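> Once you've had a glance at the structure underneath, I'll fire off some questions.
The values are calculated or read from the model by the stated rules, or taken from the named source; none is laboratory data. Keep in mind that what you see is a predicted model, and the values were worked out from it rather than measured. Don't worry about glycine lacking a Cβ; one is built from the backbone with ideal geometry, like all the others, and counts go over all protein chains shown. Heavy atoms of the whole protein, side chains included, go into the accessibility calculation; ligands, DNA and RNA do not. Shrake-Rupley method; radii C 1.70, N 1.55, O 1.52, S 1.80 Å.
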Amino acid sequence: MTAPAESRIAEHVVARPAAALAPYVRSYTGYHFAGFAPGLHAGLPSRHLTCIVSFHDPVDCVVVPDPAQRADRFGALLGGLHTSPAVIRHDGTEHGVQLALTPLGARAFFGCPAAAVAASVVHLDTMLGRGARELQDRLPAAATWPARFAILDEVLGAAVRDHARPRPEVGQAWALLASSSGTIEVGALATEVGWSRRHLAQQFRLEYGVGPKAMARVMRFEHAKRLLTLPTAPSLAAIAVHCGYADQAHFGREWKELAGASPTAWLAGDELVLPADPLDQVELIDR
């Protein structure tokens, strides 16, 4: 049952990690939603790996991007890079912390490339071990969001290891895709790093679990989502042009494949939506 709007809780607070963790973690987001109708929430594709520690019931992931993986419930999870939505069933309450990890974070915290968990959702303790269990114990017990973010800094800082980095050409290709919000052509990308398209695709997939063309689609989608969730969003046609889609119809098809619904249906149907880039759009805790 849905609670009256005035009695609902819709809270999210965002922080940057400690400076030493900045190459590995984009942001921390504390969230608390309560009083909403039970329903489904889409975990959308992103350039970041997603880590969640739930303070409420385990996260009930009913659809995983990897069709070979079975549905499961997670007290704490790690989701790899993916190109289709994960679907989470909720009872109207969601409470926890979400971390956006960079692909370098996979190597730093887990000792493996991001490709090791691509399209998967796994229990965090299988990757982070005792650190995951410590987060599950300490985070819900902390009294404030700044205290929780400090715990994240502490536990993740202790987890960082000096692991091998990706090949420089692969890192350069990722940076070029990111700086263009996915609009650079793969052929131009290969030329920039001095590899053939085929070799770039192979090496990129080995590191990230998705090819450069697929990641370009995700980054264009992210950019469009960021614009769509602005308080004064541009029109769909304007977003399509700005983000490099051929036209609004192309934008709509891409969004449906990546989000599972049209842009307008997604906005209307999912009340528990966090901004696409929380560091730009919500209150930032200065610690």
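> Quick one: H56 ticks every box in (1) out of contact with any Cys (no Cβ under 8 Å at 6 or more places or on another chain); (2) over 29 Å from R165 (Cβ atoms); (3) open to solvent by 10 Å² or more (accessible area, probe 1.4 Å); (4) in a strand (DSSP E or B) bar one, so which box is it?
Going through the list (1) out of contact with any Cys (no Cβ under 8 Å at 6 or more places or on another chain); (2) over 29 Å from R165 (Cβ atoms); (3) open to solvent by 10 Å² or more (accessible area, probe 1.4 Å); (4) in a strand (DSSP E or B), H56 breaks only (4).
> Could you name every one of the helices (runs of 4 or more DSSP H) located completely within the range 114-188 that has at least 3 residues being within 19 Å of Y31 (Cα to Cα) and open to solvent by less than 50 Å² (accessible area, probe 1.4 Å)?
Where helices (runs of 4 or more DSSP H) fall fully within the range 114-188 and carry at least 3 residues being within 19 Å of Y31 (Cα to Cα) and open to solvent by less than 50 Å² (accessible area, probe 1.4 Å), they are 130-141, 145-159.
> I need a count of the residues in the range 66-81 that are touching a residue at least 40 places away in the same chain (Cβ under 8 Å) and open to solvent by 20 Å² or more (accessible area, probe 1.4 Å).
Matching residues across the range 66-81 total 4.
> If I ask for residues that are under 20 Å from the mean Cα position of the chain (by Cα) and more than 26 Å from Q203 (Cα to Cα), which ones from the range 215-242 would you list?
Applying the first criterion (under 20 Å from the mean Cα position of the chain (by Cα)) to the range 215-242 yields 215-230.
Residues satisfying the conditions are A224, K225, R226, L227, L228, T229, L230.
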